[in-house]
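Student: Sending over a structure as structure tokens; questions will come in a sec.
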Ligand SMILES: [Cu+2]
């Protein structure tokens, strides 16, 4: 056990030198950059580490030498010779640090300008990232696509250079976007738009984490960036652009049109739009997607969530239009499958205490029905 842990430790240290060594030990390994800004930050950090490490070892060696060489010996009672000033030493310990600081300054300034002032090519993909307590919203303004927590971007190879440029802002408090293998951190601030970019060169999944304490569930605000081949990315965008139909059938009249005149705040109780419905009782018992959609559209769910093409047009929580195209729910904390969805809807606090989605206190049957409906949102 101990030796295997030690082996893992050394393997971790070695990965700093063998950057391209596979497998990557951690999906957030800061020593394995795959995108230009991350490469720049990585090589700068090694440069700074070399200089500061050199200073540390030189000074430690001098200190140890002085301690050993000039230690007090038995019978040695004489005062050591008193030296008052040495122009040579004064000059040396002024000029050498100034040179070192100048090197550090120039190296850092070069990286800052290379990353911050990088021109935005015409082909660049634009994404707006909005931080929420405790999840991420991603908007693709040119494609009219909105998704949550799982960002999809195309790979940026020499043949098709397509970097991703993010505009970052926040809906509430400060957050910070950090996917170590792609780029340095960038804060998301309310009432302000920050920018960052990356050009991932390897297809794959890159993990990250909100890097600015933003409340009790900050630690469960994870980030997933999927770098797709250009073809896979286009297919993903096309799939995200489709919308769903409103609840159909006899009961549809209850949810369409939206009975509440105040946009965005439909009432939860269905209005009686005339005509009793024989099917309603039967339908409302079955654990089926249409029954689930009925329940969903008559609960407060639609005040907070959007399902494009239906009455659900809330903006407070993640867009659910293509919920099932995501691998995880609630910002990467749980697998997106039947059981976790059911647990989540029954009581979000079970999976993510202090999450800002309330437990809706529906019946078990209604929760099962809604889950059946959610599973159809592909
Ligand atoms: Cu956060």
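The values are calculated or read from the model by the stated rules, or taken from the named source; none is laboratory data. All of these numbers come straight from a predicted model, not from anything done at the bench. Cβ sites come from the backbone with ideal geometry, for glycine too, and all protein chains shown count toward neighbours.
Student: Among the numbered criteria (1) surrounded by fewer than 19 Cβ atoms within 10 Å (Cβ to Cβ); (2) touching a residue at least 60 places away in the same chain (Cβ under 8 Å); (3) within 16 Å of the ligand (Cβ to nearest atom), which single criterion is violated by residue 143?
Tutor: Residue 143 satisfies all of (1) surrounded by fewer than 19 Cβ atoms within 10 Å (Cβ to Cβ); (2) touching a residue at least 60 places away in the same chain (Cβ under 8 Å); (3) within 16 Å of the ligand (Cβ to nearest atom) except (3).
Student: As an exercise: evaluate residue 37 against (1) closer than 28 Å to residue 153 by Cα; (2) at pLDDT 95 or above; (3) loosely packed, with under 11 Cβ neighbours inside 10 Å and give the number of the one condition it does not meet.
Tutor: Status for residue 37: all satisfied but (3).
Student: To continue, here is another question. Could you check segment 335-359 and list, in sequence order, the residues that are under 22 Å from residue 171 (Cβ atoms) and touching a strand residue (DSSP E or B) at 6+ places or on another chain (Cβ under 9 Å)?
Tutor: 344, 351, 352, 355, 356 - these are the residues of segment 335-359 that are under 22 Å from residue 171 (Cβ atoms) and touching a strand residue (DSSP E or B) at 6+ places or on another chain (Cβ under 9 Å).
Student: I've got another one for you. Checking the conditions here, which among 143, 161 is farther than 22 Å from residue 113 by Cβ and either at pLDDT below 95 or in contact with a helix residue (DSSP H, G or I) (Cβ under 8 Å, 6 or more places away or on another chain) (or both)?
Tutor: Within the list 143, 161, the selection yields 143.
Student: Which residues, counting only those in segment 188-216, are part of a loop (DSSP other than H, G, I, E, B), surrounded by 14 or more Cβ atoms within 10 Å (Cβ to Cβ) and within 14 Å of the ligand (Cβ to nearest atom)?
Tutor: Hits for segment 188-216 are 189, 211, 212, 214, 215.
Listed here are the residues, each with its yes/no results for (1) under 27 Å from residue 215 (Cα atoms); (2) under 12 Å from the mean Cα position of the chain (by Cα); (3) in contact (Cβ under 8 Å) with a residue 24 or more places away in the chain.
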residue: 111; (1), (2), (3): no, no, yes
residue: 125; (1), (2), (3): no, no, yes
residue: 164; (1), (2), (3): no, no, yes
residue: 174; (1), (2), (3): yes, no, yes
residue: 179; (1), (2), (3): yes, yes, yes
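Student: Another question, if that's okay. Given the conditions (1) in a loop (DSSP other than H, G, I, E, B); (2) on the phi < 0 side of the Ramachandran plot; (3) more than 24 Å from the chain's Cα centre (by Cα); (4) touching a residue at least 40 places away in the same chain (Cβ under 8 Å), which single one is not true for residue 369?
Tutor: Exception for residue 369: condition (1).
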